[in-house]
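Enquirer: Before I ask anything, let me first share the structure, which is written out below as structure tokens.
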Amino acid sequence: MKGYTYILQCADESYYTGSTTDLERRIQQHQQGEGANHTRKRLPVKLVYFEEYQRIDEAFYREKQIQGWSRKKKEALINGCEEALKKAAECINETHSKNLRK
């Protein structure tokens, strides 16, 4: 069964990431306040990004991955900015290996 990972932009400009087997129906549920608690309190919502997968478990895995991302990284994905996505993914901790002196 096909699966979709999607990102909604809520009325308060926050993002919600989810996954489903029926994207159109799920968006309608969110708009009607029948979706997640996060979106129910922030209507209306707008679909700003989605990916299609062959199986729902792949979409669910991707949903969980994206949920852990920063807002900046999600916006790079939404805007299709490959370079910005890579930059947002870079580790900036002082202890990261690229920051250690050799």
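Enquirer: Residues of the range 1-30 being open to solvent by 70 Å² or more (accessible area, probe 1.4 Å) and not hydrophobic (A, V, I, L, M, F, W, C), which ones? Reasoning before the result, please.
Expert: As a first pass, look at the range 1-30 and keep what is open to solvent by 70 Å² or more (accessible area, probe 1.4 Å): 1-2, 12-13, 24-25, 28.
K2, D12, E13, E24, R25, Q28, listed by residue number.
Enquirer: For the list (1) among the basic types (K, R); (2) at pLDDT 95 or above; (3) farther than 12 Å from G18 by Cβ; (4) not in a strand (DSSP E or B), I need the number of the one condition that R62 fails.
Expert: For R62, the exception is condition (3).
Enquirer: Got at least one residue in the range 82-101 being in contact with a Phe, Trp or Tyr (Cβ under 6 Å, 6 or more places away or on another chain), in a helix (DSSP H, G or I) and either modelled with pLDDT of 95 or more or not aliphatic (A, V, I, L, M) (or both)?
Expert: Looking through the range 82-101, none of the residues is in contact with a Phe, Trp or Tyr (Cβ under 6 Å, 6 or more places away or on another chain), in a helix (DSSP H, G or I) and either modelled with pLDDT of 95 or more or not aliphatic (A, V, I, L, M) (or both).
Enquirer: Which of the residues that make up the range 10-30 are part of a helix (DSSP H, G or I) and touching a strand residue (DSSP E or B) at 6+ places or on another chain (Cβ under 6 Å)? Break it down into steps so the answer makes sense when it comes.
Expert: Initial filter on the range 10-30 (part of a helix (DSSP H, G or I)): 23-30.
Listed by number, the residues that qualify are L23, R26, I27, H30.
Enquirer: Could you grab me the full set of residues in the range 31-51 that are assigned to a loop (DSSP other than H, G, I, E, B) and open to solvent by less than 60 Å² (accessible area, probe 1.4 Å)? Outline the logic, then answer.
Expert: As a first pass, look at the range 31-51 and keep what is assigned to a loop (DSSP other than H, G, I, E, B): 32-36, 41-44.
Residues satisfying the conditions are G33, G35, A36.
The values are calculated or read from the model by the stated rules, or taken from the named source; none is laboratory data. Computed from a predicted structure; not experimentally measured. All Cβ positions, glycine included, derive from the backbone under ideal geometry; neighbour counts span all protein chains shown. To get the accessible areas, we keep the full protein, side chains included, count just its heavy atoms, and leave off ligands, DNA and RNA. Shrake-Rupley method; radii C 1.70, N 1.55, O 1.52, S 1.80 Å.
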